[in-house]
Amino acid sequence: MKEIRTVLIAGAGAIGSMVAWQIEQTMSGAVSVLASGERLARYRKDGFVINGTPCTFALTDAASSSEPDLVIVACKFHHLEAVIADLKNHIGPNTRMLSLLNGISSERILGEAFGAERIPYAMIIGTDAGHEENRTTFSKTGVIFFGDAKNGPADTPGTDPGMQASRPYSERVGAIADFFDKAGIGYHVPVDMLNRLWYKFMMNVGINQVTAVLRKPYRLLKTGTPVPEAKELFEDAMREVIAIGKAEGITLSEAEFAGIYAVIDSLSDDGKTSMCQDIEAGRKTEVELFAGTVLELSRKHGISAPVNETLYRLLRAAEQ
C-alpha cells in the first residue's frame with residue numbers, strides 16, 4: 001500500500017480551505033491548492049485568511065501536471081464539471097480521490113471521469129465552516145466519514161450502519177485513514193458508508209433548504225427553539241428522503257432525527273448553512289443537488305414529494 005504524502009485540494013471554499021489548513025498545520029508542505037485562470041491569480045495576490053490569520057498554501061496551476069497521492073474535491077456541485085477539467089493533468093496511476101461534496105452523486109461522476117476504483121464514498125459532518133471572498137471561519141472542523149459502500153470484516157457485529165468498522169479496510173480506505181491519522185484529521189469509517197451518505201443527504205435536504213428559504217441561522221432548528229412550523233417543514237422534507245431511500249434500497253428512519261438534532265445543537269447559534277450563505281450572497285445554490293435529486297427520484301419511483309417540490313420552486317425563484 002503506497003503511503004500518502006502529497007495532497008491536492010480541488011475547491012478551496014469553506015471546506016477545502018479548512019481541510020488544507022488542517023493538513024498544513026501538522027504536515028507543512030504536504031498540501032497544495034489547485035486553481036486556474038483568474039482564480040489562480042487571485043489566490044496568488046490575496047492568499048487565504050483562516051479564522052482571521054493570513055495563511056499561504058502552495059498553489060498548483062491546473063495547466064501544469066502533477067501526480068499527487070490524494071486529491072480531495074471540495075467544490076460546489078455546480079462547479080464539479082470545471083474541476084474535473086482542471087484535474088485532467090493531475091491524476092496519476094496511483095492517485096486516490098475523496099469527494100467532500102454534498103449529495104449522493106459526486107463519487108459516481110468522478111468515478112466515470114477518473115476511475116471508480118480510486119474513490120471511496122465520503123462526506124463531512126459537524127463543521128460550521130463559512131467562506132466569503134478569501135476568508136474562511138469555523139469553530140468546529142467536523143468529522144470526515146468515508147469508506148467503501150461496506151467496510152470491515154464480513155462478520156463485523158452489530159446492525160448500526162454508522163458503527164465504526166474494524167480493520168482491515170480496503171487498500172484505498174486504509175491508505176487514507178493512515179494519512180488522516182498522521183495529519184490529525186478527525187474521521188470515521190462506518191460499517192455502511194453508503195447508508196451514512198444518504199443519512200447526510202437526508203439531513204442536508206432538511207437543514208440546508210429550510211434555513212435558506214427562511215434565511216435563518218442554526219438556532220432556528222435547535223431543540224430548544226420554539227419554532228414548531230420550521231421544525232415541521234424540516235422533518236417533512238427529510239421524511240420524503242426516507243421514502244425515496246427505501247425505494248432505492250437504503251434504510252433510513254425517523255429515529256435518526258434525534259442524531260441530526262444533536263449535530264445541529266452542537267453548532268454555533270449564529271452559524272449558517274452553506275445554502276443560506278449562498279442565498280444571502282446572491283450566489284447559485286445547490287438546490288438541484290438536494291430537492292432536485294429528491295424530485296428526480298420521486299418521479300422515478302412514483303412517490304409524492306410535495307415539500308421538496310415547494311422548496312425547489314422557492315429556492316429556484318430566490319436564485320433569480
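Just so it is clear, none of the values below were taken in a lab; they were calculated from the coordinates. The shown structure was predicted, so the numbers you read here are calculated from the model rather than taken from an experiment. For neighbour counting, all protein chains shown are included, and Cβ atoms are generated from backbone atoms with ideal geometry for every residue, glycine included.
Structure notes:
- Residue pairs, from the table Lys45/Lys222; Lys76/Lys216; Lys231/Lys300; Lys182/Lys231; Lys76/Lys246, whose Cα atoms sit over 31 Å apart: Lys45/Lys222; Lys182/Lys231
- Whole-number percent relative contact order across the chain, with pairs defined as alpha carbons under 8 Å at least 6 apart: 15 percent
- Residues Thr251 and Arg299, FRET efficiency given R0 of 22 Å [Cβ-Cβ distance, rounded to 0.05]: 0.50
- Ranked by the mean number of other Cβ atoms within 10 Å of their residues, highest first, the peptides 263-275, 45-57 come out as 263-275, 45-57.
- HN-Hα J in Hz across the range 162-168 - Karplus 6.51, -1.76, 1.60, θ = phi - 60°, x for Gly and Pro: x, 4, 4, 6, 8, 5, x
- Share of Cα-Cα pairs in the chain lying beyond 34 Å, as whole percent: 20 percent
- Residue-count net charge about Gly162 - beta-carbon cut-off 14 Å; Lys, Arg +1, Asp, Glu -1: 0
- Cut-off under 5 Å, modelled amide H: who pairs with Leu59 long-range: Val33
- The chain - mean residue ellipticity at 222 nm from DSSP helices (-39,500 (n - 2.57) per run, n ≥ 4, rounded to 500): -13500 deg cm²/dmol
- For the range 1-113, the square roots a ≥ b ≥ c of the C-alpha gyration tensor eigenvalues yield an a/c under 1.5, which makes the shape rounded.
- For the range 195-319, the relative contact order is 35 percent, taking Cα pairs closer than 8 Å that sit 6 or more residues apart in sequence and dividing their mean separation by the residue count.
- DSSP-defined beta bridges in the chain - what % are antiparallel, rounded to 5: 40 percent
- Our summary gives the range 94-221 a relative contact order of 24 percent, counting only alpha carbon pairs under 8 angstrom and 6 or more residues apart.
- Gyration tensor verdict on the range 195-319 (Cα atoms; rounded if a/c is under 1.5, prolate if a/b is larger than b/c, oblate otherwise): oblate
- Annotation: amide H-H contacts under 5 Å for Thr127 (H modelled 1.01 Å from N, sequence separation of 5 or more, or interchain): Val143.
- Amide H within-cut-off set for Val73, under 5 Å, with H built and near neighbours excluded: Ala10, Leu98, Ser99, Leu100
- Shape call, the range 73-115: gyration tensor on alpha carbons, a/c limit 1.5: prolate
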